[in-house]
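Only one structure is covered here, and it is reproduced in the block below.
The values are calculated or read from the model by the stated rules, or taken from the named source; none is laboratory data. Here the structure is a predicted model, which means the values were calculated and not measured. Cβ placement follows ideal geometry from the backbone for every residue including glycine, while neighbour counts extend to all protein chains displayed.
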Amino acid sequence: MPRDRNRWSPAVARSIACCLAICVACALSACGGGYTGGSTPREIADAEAQTAENMRVVDADIAREERRVDADDVTAAQTPAPPPVPASAPAGEGVFSAADRRSFTKLAGRLPGREGVAVSGLKPDFDVQRLGSLRSGVAWSTAKVPVAMAAINAGVADQGSLVAAITASDNAAAERLWSALGRGRSAADAATAQLRAAGDTKSRVQSDRLRAGYTAFGQTAWALTDQVRFTAGMACTAAGKKVLKLMNRVVAGQRWGLGATGNPAQFKGGWGPGISPGSGDGWLDRQMGIVVISGRPLAVTIATDAGNHDSGTRALTALARWVASHAGTKGLPRRSRC
């Protein structure tokens, strides 16, 4: 009987289980979902050291499994040369062809839950291309990016809190940045101003705790298309440039998704229980970042409501690798155009 390629092999299952046990501990301490427990720098360092080898094993197992899929699907072993952008397509359009969209539909059909992808070149007036049925959701810890930028812009950010909040998704550190901005509406307005400065003209950072025990800013409603516009414009602001440098240094235990393509990437993830702000229904994993494909940077946001953090991170990795192997970046600029 032919093997069901949608099932994990025993070796993969054992690796995933081992990694999950460690990653859950890391997630609870690093609090990517916005739970306000916090963690010490030593705990973060210990969690990173423990997870590094396990994540390498899991990535290798995922790579072997993904090589079983059809040629038009993502593979972990190599990144094929992207298809050229049609000559008639304006710059910023044609990143995904009709064939790519069909390939994405096939990939999404094999993944649990709903998926969403949005991409853009690094220029404010580039058109955003979107794929998948998941269009928006709770920002979770991706909201730490505009909070960090606001603290930098206001001159109230201490370096230790910035590093912990962005590279390890530490909520205690992010809450210190939030408090330095005045908390509540004052902090939310300052963070929202950073959204506007980088190109998101619609979203507003949440000022109130919609769920007890979770950060207010983490409950921000953030559409993937608005988030990718913001990501594409981060390098056009002084604070955004500084945060992007920190997004190069994400800890090993959180280097799934955009951090697992093999391409240079600056990224930030978020995860937690609940798809919409204030809700505890379902589970959402998401990432925002910039990935360099064939020498050209592409702003990317991805999200999934796969059901739990383990399934979600594996789904995000599959989505990110698919983007890296299918995005036609030939018509995109090699650096930000502000």
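Of everything in the stretch 78-106, what is modelled with pLDDT of 50 or more, out of contact with any strand residue (DSSP E or B) (no Cβ under 8 Å at 6 or more places or on another chain) and of a type in the set (A, V, I, L, M, F, W, C)? Give them in sequence order.
Filtering the stretch 78-106 for residues modelled with pLDDT of 50 or more gives 94-106.
This time we only want the ones that are out of contact with any strand residue (DSSP E or B) (no Cβ under 8 Å at 6 or more places or on another chain), so: 94, 97-100, 102-103, 105-106.
Result: ALA98, ALA99.
Suppose we keep only residues that are small (Gly, Ala, Ser) and in contact with a Lys or Arg (Cβ under 6 Å, 6 or more places away or on another chain) within the stretch 194-222. Which one would you say is farthest from GLY137 (Cα to Cα)? First the steps, then the outcome.
Going residue by residue through the stretch 194-222, those that are small (Gly, Ala, Ser) are 197-199, 203, 207, 212-213, 216, 218, 221.
Checking the rest, the ones that are also in contact with a Lys or Arg (Cβ under 6 Å, 6 or more places away or on another chain) come to 199, 207, 216.
Values: GLY199: 19, SER207: 16, ALA216: 14 Å.
Applying the filter and picking the extreme gives GLY199.
Do you know which of the residues in the stretch 99-150 that are part of a helix (DSSP H, G or I), among the hydroxyl-bearing types (Ser, Thr, Tyr) and closer than 27 Å to LYS242 by Cβ is nearest to the chain's Cα centre (by Cα)?
Within the stretch 99-150, the subset part of a helix (DSSP H, G or I) is 99-110, 140-150.
Now drop any that are not among the hydroxyl-bearing types (Ser, Thr, Tyr), which leaves 103, 105, 141-142.
Imposing the further condition that a residue be closer than 27 Å to LYS242 by Cβ reduces the set to 141-142.
On the way: SER141: 9, THR142: 7 Å.
Ranking the candidates gives THR142 first.
Within the stretch 189-218, track down each residue that is closer than 19 Å to ALA238 by Cα and either assigned to a helix (DSSP H, G or I) or touching a strand residue (DSSP E or B) at 6+ places or on another chain (Cβ under 7 Å) (or both). Give the steps one after another, and end with the answer.
From the stretch 189-218, those closer than 19 Å to ALA238 by Cα are 189-201; that's our starting set.
Matches in the stretch 189-218: ASP189, ALA190, ALA191, THR192, ALA193, GLN194, LEU195, ARG196, ALA197, ALA198.
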For the stretch 217-265, enumerate the residues that are within 17 Å of ALA324 (Cβ to Cβ), over 14 Å from the mean Cα position of the chain (by Cα) and polar (S, T, N, Q).
ASN263
For the stretch 300-313, state whether one or more residues are in contact with a Pro (Cβ under 8 Å, 6 or more places away or on another chain), more than 17 Å from PHE104 (Cα to Cα) and in a helix (DSSP H, G or I).
yes
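I'm trying to understand the selection: among the residues of the stretch 193-225, which are within 15 Å of GLY289 (Cα to Cα) and touching a residue at least 40 places away in the same chain (Cβ under 8 Å)? Before you say what the answer is, go through the steps one by one.
Narrowing the stretch 193-225 to residues within 15 Å of GLY289 (Cα to Cα): 195, 198-200, 222-225.
The answer is LEU195, ALA198, GLY199, TRP222, ALA223, LEU224, THR225.
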List, please: which pairs have Cβ atoms under 7 Å, are six or more places apart or on different chains, and start with a residue in the stretch 269-288 that is without any contact (Cβ under 8 Å) to a residue 60 or more places away in the chain and on the phi < 0 side of the Ramachandran plot and end with one that is part of a loop (DSSP other than H, G, I, E, B) and crowded, with 19+ Cβ neighbours inside 10 Å?
ASP281/GLY274; ASP281/ILE275; TRP283/ASP305; ASP285/ALA306
Leading residue by the ranking (surrounded by the fewest Cβ atoms within 10 Å (Cβ to Cβ)) among those in the stretch 135-160 that are out of contact with any Pro (no Cβ under 9 Å at 6 or more places or on another chain) and among the β-branched types (Val, Ile, Thr)
VAL156
Show the residue pairs meeting these rules: Cβ distance below 7 Å; 6+ apart or different chains; first residue within the stretch 138-158 and on the phi > 0 side of the Ramachandran plot; second residue assigned to a loop (DSSP other than H, G, I, E, B) and at pLDDT below 95.
TRP140/GLY32; TRP140/GLY33; TRP140/GLY34
